1. Could you tell me which residue of the range B:87-114 is modelled with the highest pLDDT, considering only residues that are in a loop (DSSP other than H, G, I, E, B) and buried (at least 20 other Cβ atoms within 10 Å of the Cβ)?
2. When you scan the range A:191-199, do you find a residue that is crowded, with 19+ Cβ neighbours inside 10 Å and not in a helix (DSSP H, G or I), even just one?
3. What residue, of B:G49, B:G31, B:G37, B:G62, is small (G, A, S) and at pLDDT 90 or above?
4. Across the range B:231-240, what is the total count of residues that are in contact with a Lys or Arg (Cβ under 8 Å, 6 or more places away or on another chain) and either buried (at least 17 other Cβ atoms within 10 Å of the Cβ) or more than 13 Å from B:E251 (Cα to Cα) (or both)?
5. State whether the residues of the range B:128-147 include one that is of a type in the set (D, E, K, R), touching a residue at least 12 places away in the same chain (Cβ under 8 Å) and in contact with a Lys or Arg (Cβ under 6 Å, 6 or more places away or on another chain).
6. Among the candidates A:Y147, A:Y200, single out the residue that is touching a helix residue (DSSP H, G or I) at 6+ places or on another chain (Cβ under 6 Å) and among the hydroxyl-bearing types (S, T, Y).
7. What number of residues in the range A:114-142 are of a type in the set (D, E, K, R) and in contact (Cβ under 8 Å) with a residue 40 or more places away in the chain?
8. Using the structure shown, decide if B:S161 is modelled with pLDDT of 85 or more, surrounded by fewer than 19 Cβ atoms within 10 Å (Cβ to Cβ), in a loop (DSSP other than H, G, I, E, B) and out of contact with any strand residue (DSSP E or B) (no Cβ under 7 Å at 6 or more places or on another chain).
Amino acid sequence: MSGRKMSSGRMSGGRMSGRISGGRMSGSKMSGGRTSGGKMSGREFEKCLRAAMKGGEPERRKRLCGVQRGIGPRTSFREFVLVQIRFIGLRMWAAQAALFAALGSVLWTFMGRDFWQEDQYAVRFLCGVSLAAAVSALPFIYRAFRYRMHEIEASSRYSFAGVLLAKMLMTAIGDAALLGAVFLGALMRTELPAGSILLYVLLPFLLASWLSLNLMERVSAAALPAACMAMGALLFAALGTAGRLWEGFYVQELTPGWLAVCAVLTMLCIRQAKRLVRDAVYLKPQTA
Amino acid sequence: MELQIDHISKSFKDKRAVDSVSMTLTPGVWGLLGANGAGKTTLMRMIAGIMQPDEGQIRYDGLPIGTLKGRYREIFGYLPQEFGFYPEFTVKDYLEYAAALKGLPVRDTKRRVMELLEMLSLSDVYRKKIVRLSGGMKRRVGIAQALLNEPELLIMDEPTSGLDPGERVRFRNLLSEFAKDRIVLISTHIVSDVEYIATRNAVMKDGRLIAEGTTEELVKLVDGKVWQCVIPAERLPEYERRLRIVNLRNEADGRVSIRYLSENAETAENLRMTDADPEGRAGSMPAVVMPSDKPATPRLEDLYLWLFPQDAAHDAQDAAGAPRKLGNGRRSEAGTEREQPQRTKAAAPEAGLRGEAGTAAAVRTRGQADSDRGSDSAFDTEKGGRNA
């Protein structure tokens, strides 16, 4: 069998891998098993491949070239995200739309159609919608664990990190569209200044998103939806309490100070999302 | 094409799930055998690149899989032990989603999905929701997704659980054909699944690889340790206490044919001499007649039961889907349901393996469970070429 022949001719591979290991790590680090994978740059990888192909059997060289180029045509990440919209995105957005339609109906029923023409209610409504938008997408992001799809997704071409990134992008698109619609609706139907509307839409959303992303790192997948819902409820209560303790809390404008707070929260969200994606390359034992 | 597993280990809290496992996989079907908790799934997850080893390295054609990243994942197919799916997915949706995950272009996806639906007899249900399918069909959908990208390396964790006998045979044939120039690694405790199609087998116990070889080579390890005889039905409970019975069958004449594992044939004399009656009078029980005690041709399942004396009986029964008990409390298939007392002679199957390793040329047996560590150096034997 050709494989057996090849196994006898594994010298070059062995030398090469020794070089990879030796080059990237040493001693306990190496034995600690941080395979060189995550840290090797593209240039180093090309170098390793060239070294591996030197002096090897023709078949082996050909195979390594195949590995280098990728085997067969494959879609780009952009195409992958577009396909994900069909399978994950549409359902997520439809569920979010249904949730907010239900929320709107309840408010209309109990508070009348014009409830948000009063500024105090409008601002609270904006905060509530913003919080709900941040929290409601999470179950979709971690659905893979609930339905035990994570192993298949993790072993896919983009790994679980790529899938998670795609889902986060879809969540961001959905939330942006939803909050954009709420912003426009509030701008047209209320007398609140645009800066205030933007502040009360953005601030709770960014705060809830940052806390949710932190929970995603710290709480097991099974407990995540409940933890996020609890966190959303606590934040909602905290915003209500803040309104009572500080009379001016719900009449704020988008001052440079608030803008800076929003910018910091945005940065924190991006940093935490990056961290999650980076760590999601391998399944954690508690989720596996 | 080869996949080198080089001293990889993985621990979870206080348990060492995989302990310094090394092997080199070449094209063909590889069976990974072991009882529940032996570390098979953890090993497969590390090979699949979705779990990081604490120690050691896995290399595909000499390149660490962590370096190859997506390039490595492009060339393998993986069927996890727990087959999951989103409840709204039809078979078609699922396969198209899996194809997207594997990065297959749309035009290739359609062609490949249709091929696999046909190959795995799923064409009639491809618009059905997976949640409505039977267990066997769900498993076939899982197998289909693993084959979507025509992988060079196929990793399947318990692929045949839930398949009926006919489906299992078809699946084995499909795999045999598929593995001509590919590496296929199947983890199972259903020994018959790999017995006939595996090019080589690896046996895991307590996280360690304890034996590796072709089916024939491994079976040699229990050569002379498998016996069969026909006994009177009323004597069966006594024999169950004394022998490690792996199979029994009721004969038409009221007697029972048994197959058991032992270093030696358990003659009537042996049984009498090692026995004591309830009052402690050694050798006072009536001699058991063993009219046709003779060596049996060993099978891979015998080796498995020899290596896993405590758990294997349950696994074997589950795998065979056999009823646990017959009408009068007997068990019909491999092993017995109640705990088998360890007989002195058959108490250390692995020790037996060590002793026999010299006769089993070209078979490699590896380090033992933690309790055996002290004698690892004496135990590790490498006989002949592994690829013989």
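1. B:F89
2. Looking through the range A:191-199, at least one residue is crowded, with 19+ Cβ neighbours inside 10 Å and not in a helix (DSSP H, G or I).
3. On the way: B:G49 fails: at pLDDT 90 or above; B:G37 fails: at pLDDT 90 or above; B:G62 fails: at pLDDT 90 or above.
Of the residues listed, the single one that is small (G, A, S) and at pLDDT 90 or above is B:G31.
4. Here the count works out to 3.
5. Taking every residue of the range B:128-147 in turn, none turns out to be of a type in the set (D, E, K, R), touching a residue at least 12 places away in the same chain (Cβ under 8 Å) and in contact with a Lys or Arg (Cβ under 6 Å, 6 or more places away or on another chain).
6. Criteria check complete, one pass: A:Y200.
7. Within the range A:114-142, the first condition is being of a type in the set (D, E, K, R), and the residues that meet it are A:114, A:118-119, A:124.
Remaining after also requiring in contact (Cβ under 8 Å) with a residue 40 or more places away in the chain: A:119, A:124.
Adding up the residues that qualify gives 2.
8. no
The values are calculated or read from the model by the stated rules, or taken from the named source; none is laboratory data. Predicted model only: the values in this text are computed from it and were never measured. In this analysis, Cβ positions are derived from the backbone assuming ideal geometry, glycine residues included, and neighbour counts consider all displayed protein chains.
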